[in-house]
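Chemist: I'd like to ask you about the structure that follows.
The values are calculated or read from the model by the stated rules, or taken from the named source; none is laboratory data. All values reported here derive from a predicted model rather than from experimental measurement. Here Cβ is always computed from backbone atoms with ideal geometry, including for glycine, and neighbour counts include all displayed protein chains.
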Amino acid sequence: MKQKHIVLVDGSWVGHHPTYIKTFIKILLGAGYQVTVLCPAPGEVSLWVERNVSLEQCRFKAHDFSDHDPWFWRYIPNKIRKALLSLARWFHVSQSLKKLVSSTEKPDLVFFAWLDSYLSGLSPALLIDWLFPYFWSGLYFHPTHYRDVKNNGIVRKKLFSLTSRLIAKSKWTTSVAVLDEGVLSKLHSSLPGKQVILFPDFADEIPCDDHCRLAREIGERANGRKVIGLLGGLSKRKGLLTLIRTVEQSGERNWYFVFAGVFLEKTFSKEELTEINIFFNTPRDNCYFHLEKIPNDAQFNAVLNACSVIFAMYEDFPHSSNLVTKSAAYGKKVLVSSGGYMEEVVRRYNLGEVVHTRDIQSTIGALHRLTARNSSHENMSGMEEYAKAQSQKKLEKVLLSLVETSIDRATSIAAQ
């Protein structure tokens, strides 16, 4: 019997993207599928598969692919640019696939690991169907229009609803996956006839690096103080300014603050950058700065494990973050902003505290409660329950169900 062929597509290779693609590959190969990957790091992926998956070489291939956005597109008005980029990306991935497979050997399913970059409310479904004549599914990370977000007026809601309409009207769409349980029912209603599946907000499950220099230094310099960590890309969205102002206003001597990750300067205004640079360049005995990428997942996990509280006060961001999953897996309390998915799961599973975005005094109060609180059995059981619900084991079951039902649906449509 001919093996079913799945193509995984991701044109980005930062943040969670490598973890997601590698995890999808391992699950699909383990289930006996033939897998082709289009991504910006085919060599890295091929080496990872060779080291982590036992398989016949012919069942896996990786090819170079990325979302190339011409520099001059930044001067095109935003809504028009998004529509043109959407069309260009569908065309680009279609051309890439045509070079790899013959017309008689089309893949059984193309799965977009970051579907968002292919969606635009102004891209007509008929044109997308013509540009990309393959059955497809994907993980829709940020269905923002189903959350109440800042300045989300009637016009914006209408444009966003058209984005979902592209999924609903495309004859080649078999299904869509989301991470946010809070939007599931609304998305079901917007996509009649399409399968909508909830994916766990999974993270890598790599053990901590026991020899991580960063984690060791943090422990030594904290010297018994409670460690509050902002980890990953240090951007405006991640609440960097809020934590800086919290450090300056708290006066708490039993706290030690960790800033570890790439400093994303372009996300701030000139005035904000001045404030941030003054802070970073002032000698402090209660802060640890590592303003570059943490080398790998094992070291990232070691740094996270060295913290007492994980600072995850995202600004104007109502979606999920697998940083909450990682924190729960390591038994670390989190501090998140109110509004959206993260508030809902933190409250439901008792994972930490919730405060209003940019409210410094409330942030200080929440940190006092978090650092004074002992880890009770009730707190730990909530963390364990949440980590289990977001595990890769749960992902395996859900992903294979999506692929199987999507291929069945594609077969049924093709037979009509």
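Chemist: Among the residues of segment 305-325, is any of a type in the set (A, V, I, L, M, F, W, C), crowded, with 18+ Cβ neighbours inside 10 Å, in a helix (DSSP H, G or I) and within 19 Å of the chain's Cα centre (by Cα)?
Modeler: yes
Chemist: Could you grab me the full set of residues in segment 234-250 that are over 19 Å from ASN281 (Cα atoms) and surrounded by fewer than 18 Cβ atoms within 10 Å (Cβ to Cβ)?
Modeler: ARG237
Chemist: Kindly establish whether LYS171 is part of a helix (DSSP H, G or I), basic (Lys, Arg) and surrounded by fewer than 21 Cβ atoms within 10 Å (Cβ to Cβ).
Modeler: Values: part of a helix (DSSP H, G or I): no; basic (Lys, Arg): yes; surrounded by fewer than 21 Cβ atoms within 10 Å (Cβ to Cβ): yes.
When the stated conditions are applied, LYS171 does not pass them.
Chemist: On to the next question. Within segment 190-204, can one find any residue that is more than 28 Å from ASP108 (Cβ to Cβ), in contact (Cβ under 8 Å) with a residue 24 or more places away in the chain and surrounded by fewer than 19 Cβ atoms within 10 Å (Cβ to Cβ)?
Modeler: No, segment 190-204 contains no residue that is more than 28 Å from ASP108 (Cβ to Cβ), in contact (Cβ under 8 Å) with a residue 24 or more places away in the chain and surrounded by fewer than 19 Cβ atoms within 10 Å (Cβ to Cβ).
Chemist: Okay, moving on. Pick out the one residue from SER120, SER102 that is more than 26 Å from HIS142 (Cβ to Cβ), assigned to a loop (DSSP other than H, G, I, E, B), at pLDDT below 90 and assigned by TED's automatic domain parsing to the domain that holds LEU400.
Modeler: Selected residue: SER102, the only one of SER120, SER102 that is more than 26 Å from HIS142 (Cβ to Cβ), assigned to a loop (DSSP other than H, G, I, E, B), at pLDDT below 90 and assigned by TED's automatic domain parsing to the domain that holds LEU400.
Chemist: While we're here: Residues that are under 30 Å from LYS106 (Cα atoms): list the helices (runs of 4 or more DSSP H) wholly contained in segment 345-416 that include at least 2 such residues.
Modeler: Numbers: elements: 360-372, 377-389, 392-415.
Passing ranges, in order: 392-415.
Chemist: Taking GLU385, is it within 23 Å of ILE27 (Cβ to Cβ), assigned by TED's automatic domain parsing to the domain that holds PHE111 and modelled with pLDDT of 95 or more?
Modeler: no
Chemist: Continuing with this model, one more query. Which residue is surrounded by the fewest Cβ atoms within 10 Å (Cβ to Cβ), if the candidates are limited to segment 255-279 and must be of a type outside the set (A, V, I, L, M, F, W, C) and over 28 Å from LYS326 (Cα atoms)?
Modeler: Of everything passing the filter in segment 255-279, LYS270 is surrounded by the fewest Cβ atoms within 10 Å (Cβ to Cβ).
Chemist: Quick one: count up the residues across segment 35-51 that are among the basic types (Lys, Arg) and either touching a residue at least 60 places away in the same chain (Cβ under 8 Å) or surrounded by 22 or more Cβ atoms within 10 Å (Cβ to Cβ) (or both).
Modeler: 0
Chemist: Just give me the residues in segment 280-293 being touching a strand residue (DSSP E or B) at 6+ places or on another chain (Cβ under 6 Å) and either buried (at least 16 other Cβ atoms within 10 Å of the Cβ) or hydroxyl-bearing (Ser, Thr, Tyr) (or both), in sequence order.
Modeler: Scanning segment 280-293 gives ASN286, CYS287, TYR288, HIS290.
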